[in-house]
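Colleague: Shown below is the structure under consideration.
The values are calculated or read from the model by the stated rules, or taken from the named source; none is laboratory data. Quick caveat: nothing in here was measured; it's all calculated off a predicted structure. Because the Cβ atoms are built from the backbone with ideal geometry, glycine has one as well, and the counts that use them run over all protein chains shown.
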Amino acid sequence: MRRMTSLQFLEILRRTLNKVDARLVDHGEKVGYIIYTILNAVGGFTKDEINELALLGILHDIGAYKTEEIDDMVAFENSHVWQHSIYGYLFLKNLSAMKEKTRPLLFHHASYRCYKELGLADDDVSGLIRLADRIDVITNYSNAKVCREWIIENRGTLLSPYWVDKFLDMPNHKEILEEIESHGYLLKMKKMAEELSYEFDEIESYLSVIAYTIDFRSEFMVLHTVTTVNVSTSIGERMDLDEQELSNLHFGALLHDVGKIACPVEILEKPGKLTIEEMEIMKEHVSVTQDILEGVISDDIAKIASRHHEKINGNGYPLGLSLADLTLSECICAVADIVSALIGQRSYKDAFDKDKTISILEKMRNDGELLSSPVNIVIRNFDVIMNEVSQSSKEVIQAYQSIMSEFEVLLEKYRSIEI
């Protein structure tokens, strides 16, 4: 894949999170902008540090997509915010390029009066995230003037005096509050994004974060994306796709279910057969995926991601495309998605064994639903491909298990501390 700009990445992130709850993506953008502005004024931080912390601000509530506490977060805090704070910290620590730099997320809802108990210094960056978070929330519920008064009133109790003083010492701090209230921050946010730059491995880590945000919502979906990616690339390599085609296939498969962020968990995890109405909702994830990626990422990647439910006989969805309309990479991703669904456990079925999986693939091939060549490669190399998938999935399994085990430990440790 050609180099992705931060604008592209942030737009994909924005569109993805916006499909869950528009309040949350607006909140993250504002928090990121406030952090970026304060750090530039304070000094003592490198450009990379400022950009990383601004991105951390944008992503600071990503844990809510697991714990579903959006109402709590965009309103006034309560003890439940420990859950999304802990989950978001562990999620990004295990899956993003930021690793341990995500630790401020763990305490971004902690009041200053808890700092001694938590072992935090006055200038801990979590206090900056908290200040930025509260600025947006208070401004949203009232106005810039009331927000400034609230900040002054809660200095040294709810808010770190270090970061409050840094903010109030800024000559333009009133202007910043007014920009948050009026959405005038958006143009400056774009300028900030233009200054960011990511290497290939960083891009993949952040795109993986987006993909696994969906997968990790359901214990039955954890390995679906990584399996689809690995089956896709295994087929592509055996069909002699060139380096660019393999890269596009990899990222298309990685993002193929990003639209499921808009699908209710109760449908994703329903133990029985979906109703007609529920199936229609589920099918919408493909169009949502297209909406998220179209015009942002390359057309080749966007089409691979959004056409994985098309069938070569024209009986797929959402466009009813046929073989003449589909590329080889799009057909490969469709096969890989089916393989992943068949060999994976779901809330409504156990994992299918080799014989049953191959039997279903053969039927779909013979019925003209799936392209023969990639299906035949899977059948001929089934054991080898499954071994490759198993090896490649270990890291994701370990990350998921680590998140789940650490989550319980940290929740038990901190849940009694009143924020």
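Colleague: In the range 102-111, what residues are touching a helix residue (DSSP H, G or I) at 6+ places or on another chain (Cβ under 6 Å) and in a helix (DSSP H, G or I)?
Modeller: THR102, PRO104, LEU105, LEU106, PHE107
Colleague: Across the range 218-241, what is the number of residues that are surrounded by fewer than 20 Cβ atoms within 10 Å (Cβ to Cβ) and either closer than 26 Å to TYR87 by Cα or outside the structural domain of ALA305 (by TED's automatic domain parsing) (or both)?
Modeller: Of the range 218-241, the ones surrounded by fewer than 20 Cβ atoms within 10 Å (Cβ to Cβ) are 218-220, 237-241.
Adding the requirement that they be either closer than 26 Å to TYR87 by Cα or outside the structural domain of ALA305 (by TED's automatic domain parsing) (or both) leaves 218-220.
Of the residues in that region, 3 qualify.
Colleague: Being among the acidic types (Asp, Glu), surrounded by 16 or more Cβ atoms within 10 Å (Cβ to Cβ) and in contact with a helix residue (DSSP H, G or I) (Cβ under 6 Å, 6 or more places away or on another chain) is the filter here, so list the residues in the range 112-134 that pass it.
Modeller: Going residue by residue through the range 112-134, those that are among the acidic types (Asp, Glu) are 117, 122-124, 133.
When the remaining residues are screened for being surrounded by 16 or more Cβ atoms within 10 Å (Cβ to Cβ), the result is 124, 133.
ASP133 - this is the single residue of the range 112-134 that is among the acidic types (Asp, Glu), surrounded by 16 or more Cβ atoms within 10 Å (Cβ to Cβ) and in contact with a helix residue (DSSP H, G or I) (Cβ under 6 Å, 6 or more places away or on another chain).
Colleague: Taking only pairs six or more apart or across chains, which ones have beta-carbon atoms under 8 Å, a first residue in the range 360-374 that is farther than 18 Å from GLY236 by Cα, and a second residue that is crowded, with 20+ Cβ neighbours inside 10 Å and of a type in the set (Lys, Arg)?
Modeller: GLY368/LYS311; GLU369/LYS311
Colleague: Of the residues VAL286, VAL222, VAL226, which is in contact (Cβ under 8 Å) with a residue 40 or more places away in the chain, in contact with a helix residue (DSSP H, G or I) (Cβ under 6 Å, 6 or more places away or on another chain) and part of a helix (DSSP H, G or I)?
Modeller: On the way: VAL286 fails: in contact (Cβ under 8 Å) with a residue 40 or more places away in the chain; VAL222 fails: part of a helix (DSSP H, G or I).
Being in contact (Cβ under 8 Å) with a residue 40 or more places away in the chain, in contact with a helix residue (DSSP H, G or I) (Cβ under 6 Å, 6 or more places away or on another chain) and part of a helix (DSSP H, G or I) holds for just one of VAL286, VAL222, VAL226, which is VAL226.
Colleague: Does any residue in the range 148-176 that is over 19 Å from TYR36 (Cα atoms) come within less than 7 Å, Cβ to Cβ, of a residue that is of a type in the set (Val, Ile, Thr) six or more places away or on a different chain, and which pairs are these?
Modeller: TRP150/ILE138; ARG155/VAL164
Colleague: Output the residues belonging to the range 123-142 that are in a loop (DSSP other than H, G, I, E, B) and modelled with pLDDT of 95 or more. Lay out the reasoning, then the answer.
Modeller: So in the range 123-142, the residues in a loop (DSSP other than H, G, I, E, B) come out as 123-124, 142.
Scanning the range 123-142 gives ASP123, ASP124.
Colleague: Could you list, in sequence order, all residues of the range 266-281 that are part of a helix (DSSP H, G or I) and either touching a residue at least 60 places away in the same chain (Cβ under 8 Å) or closer than 22 Å to PRO318 by Cβ (or both)?
Modeller: Going through the range 266-281, the residues part of a helix (DSSP H, G or I) turn out to be 266-268, 276-281.
Residues satisfying the conditions are ILE267, LEU268, ILE276, GLU277, GLU278, MET279, GLU280, ILE281.
Colleague: Inside the range 319-334, can you point out the residues that are of a type in the set (S, T, N, Q) and more than 19 Å from VAL378 (Cα to Cα)?
Modeller: Within the range 319-334, the subset of a type in the set (S, T, N, Q) is 322, 327, 329.
Scanning the range 319-334 gives a single hit, SER322.
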